[in-house]
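Q: One structure coming up, written as structure tokens, with questions to follow.
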């Protein structure tokens, strides 16, 4: 009786190993294929980076500006400036928040200097410097 159990156990072990090996071969070949693809993509990225570097050098030699001035110009954010702009336009913090698409608490935090607005929000705030009360009220009525 124990001999049959031993033989059965050996056969089950053999079949299990065979199944595992078959699954492992599939996984190994898939992994190898993915590694080849990654190496190919890395090569393409390196080639493209080289082309970008070459083009930048050529642009610099030609005297062209590599980046537009508008993209490199950063808007400075000063909390006091936000408060004065908001008051000049006759806006409450809630109204400004509504225009900016943020909460009133966020505007309050900006004014205290606890947090700073993101770059896109800073650009919106900078555009408010060149707007009058009537334009702001008209825009606020549509929002």
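Values quoted throughout were computed directly from the atomic coordinates according to the rules given, and no laboratory measurement underlies them. Treat the numbers as computed from the prediction; the structure is a model and nothing was measured. Every residue, glycine as well, gets a Cβ built from its backbone with ideal geometry; the counts of neighbours run over all protein chains shown.
Q: If you stretched the chain out fully between residue 38 and residue 18, how much longer would it get, using 0.36 nm times the residue separation minus the C-alpha to C-alpha distance? Could the numbers behind the result be given before it?
A: On the way: separation 20, 0.36 × 20 = 7.20 nm, distance 3.03 nm.
Gain on extension, residue 38 to residue 18, equals 4.2 nm.
Q: Enter the angle in degrees (range 0 to 90, nearest 10) between the Cα long axis of helix 79-88 and the first principal axis of the Cα atoms of the chain, meaning the one along which they spread out most.
A: Once rounded, one gets 50 degrees.
Q: Related question: Could you check the simple spin-label distance between residue 133 and residue 46, using points 7 Å along Cα→Cβ, in nm with one decimal?
A: Here the modelled spin labels are 6.5 nm apart.
Q: Pop a pseudo-label 7 angstrom from the Cα along the beta-carbon direction at both residue 53 and residue 112 and give the gap in nm to one decimal.
A: 4.8 nm
Q: Using 7 Å Cα-to-Cβ label points, what is the residue 88/residue 6 separation (nm, one decimal)?
A: Roughly 9.7 nm, to one decimal.
Q: Turning to a different aspect of this structure: For the chain, with a Gaussian network of springs between Cα atoms less than 10 Å apart, report the residue from 25, 107, 83 with the top mean-square fluctuation.
A: Fluctuation is largest for 25.
Q: Once you have the Cα-Cα distance between residue 30 and residue 60, take 0.36 nm times their residue separation minus that, and quote the gain in nm to one decimal.
A: On the way: separation 30, 0.36 × 30 = 10.80 nm, distance 4.49 nm.
Once the chain is fully extended between residue 30 and residue 60, it gains 6.3 nm.
Q: Also, I was wondering about something else. Can you tell which of 23, 119, 93 shows the greatest fluctuation in a Gaussian network model of the chain with Cα springs below 10 Å?
A: 23
Q: Pick from 37, 19, 111: which is most flexible by mean-square fluctuation in a GNM of the chain where alpha carbon atoms under 10 Å apart are linked?
A: 19
Q: Just to be sure I follow: if Rg is taken over the C-alpha atoms of the chain and Rh is the Kirkwood radius over the same atoms, what is Rg/Rh?
A: On the way: Rg = 32.4 Å, Rh = 22.1 Å.
Radius of gyration over Kirkwood radius for the chain works out to 1.46.
Q: Another question, then. Please determine, in degrees from 0 to 90 and to the nearest 10, the orientation of helix 119-128 with respect to the longest principal axis defined by the Cα atoms of the chain, where the helix direction is its Cα long axis.
A: The angle comes out at about 10 degrees.
Q: Next question, about the same structure. Helix-only mean residue ellipticity at 222 nm, the chain, DSSP H runs n ≥ 4 weighted -39,500 (n - 2.57), per residue, nearest 500. What is it?
A: Details: 7 runs with 112 residues, N = 143.
After summing the helix terms and dividing by residue count, I get -26000 deg cm²/dmol.
Q: If I histogram all Cα-Cα distances within the stretch 74-142 using bins 10 Å wide from 0, what percent of pairs lands in each bin?
A: Percent of Cα pairs in each bin: 21, 62, 16, 0.
Q: Put one equal scatterer on each alpha carbon of the stretch 9-67, apply the Debye formula with no solvent term, and list log10 I(q)/I(0) at q = 0.23, 0.30 1/Å to two decimals.
A: Per q value, in the given order, log10 I(q)/I(0) is -0.88, -1.05.
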